[in-house]
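Data block below; observations after.
The values are calculated or read from the model by the stated rules, or taken from the named source; none is laboratory data. None of the values given here were measured: they were computed from a predicted structure. Backbone-built Cβ (ideal geometry, glycine too); neighbour counts: all protein chains shown. Heads up: the accessible areas ignore ligands, DNA and RNA and are worked out on the full protein's heavy atoms, side chains in. Shrake-Rupley method; radii C 1.70, N 1.55, O 1.52, S 1.80 Å.
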Amino acid sequence: MSPKRPKDDDATDPFPGAPAAPSAPRAVDGREEIEDILRAAHAIEDPAPLYAMLATTAAVALAEVACGARAPGGPVHVRAALAHVELLERQLTARGVYPRLAELAPEVAPEVLRVAAERHPAAAWLVKLSRKVEGAAAGTIHLTAAGAHPSFAQGCAAHAEAGHSLGLLAAAAATGRPEPAAALLGLDVTLAAKAASAALTTRPSSAVVAHLAAVWGPEPDALVVRVVSHLRTRSAAEGLLAQARHLPHTSRLLRAVIPGMAG
């Protein structure tokens, strides 16, 4: 049974009118108490105070309320849970927490995926979660969040293997990095050229020629020249020219088109 509540408890009760949950700082360890907390969690509109209390006194109960089989779910509960993901990860593992939270509130699943990608950018399970959350755009959130992480190239390769071409294209534009274009070469040469152009638009110094050549081979002129038709800004074209002076077809075409380009 729950401990008897003091008379003035209603003044500080974070979920008035709901079934009583154990008061801090008493630790929660009994099954009956956890059942009381689950009932309270389903009855309250703002679960943040309850989650904060459980994070201090009852990590096991927090995991059950946030991710368990009878978790309330929904956007407010999942957002409350995201404030305590470090503790939840210790209870359930990261791979157990984020897919479950995304399942419990599809409306905020992109937020869940973003937090997961920021905390675990090298995690292989993010590829599957990305597909579930983003559909055809899978890879966008993960790779954008991982843009400054050493695992970025590895993540691009994993999403390319899964066929997530649109996500790779979006990641090139968002980060200005050349790795998405290189990863796309195995899927679609035209999309790889578009990704290279997108990266140059965001970051004119993006080393697209070196990365494309690393996959294509030592004579990438026939490939790199295809990037030119997708360029829309002068700064991007000049950035490509600085890298492609040793490529005769590409450099010749760039010198012809750059004078008429804006920006």
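Annotations for the structure displayed:
- Comparing GLN91, ILE37, PRO47 along the charge dipole axis of segment 34-191, the residue lying farthest to the positive side is GLN91, per the Cβ-charge model.
- Within the accessible area of the chain (1.4 Å probe), percent carbon and sulfur: 56 percent
- In this simple spin-label model, placing a label point 7 Å from the Cα along the Cα-to-Cβ direction at both ALA157 and GLN91 gives a separation of 3.7 nm.
- The chain, helix-only ellipticity at 222 nm - DSSP H runs n ≥ 4, -39,500 (n - 2.57), divided by all residues, nearest 500: -18000 deg cm²/dmol
- For the chain, the relative contact order is 9 percent, taking Cα pairs closer than 8 Å that sit 6 or more residues apart in sequence and dividing their mean separation by the residue count.
- Positive minus negative residues near GLY147 (Lys, Arg vs Asp, Glu; Cβ under 14 Å): +1
- In range of the label at VAL215: residues from segment 186-206 whose backbone nitrogen is under 12 Å from the point 7 Å along Cα→Cβ: 186-197
- Treating r as the C-beta distance of VAL189 and ALA124 and R0 as 30 Å, the FRET efficiency rounds to 0.65.
- Net length available on complete extension from ARG234 to VAL76 is 52.2 nm, with 0.36 nm assigned per residue and the Cα-Cα distance removed.
- Converting the Cα gyration tensor eigenvalues of the chain into ellipsoid dimensions via √(5λ) gives semi-axes, longest first, of 53, 16, 13 Å.
- Spatial offset of segment 184-259 relative to segment 43-102 amounts to 47 Å, using the alpha carbon center of each.
- For segment 159-240, the solvent-accessible area works out to 39 Å² per residue, with a probe of 1.4 Å and every protein chain left in place.
- Net dipole in debye of segment 217-263 [+1 Lys, Arg Cβ; -1 Asp, Glu Cβ; about Cα centre; nearest 20]: 160 debye
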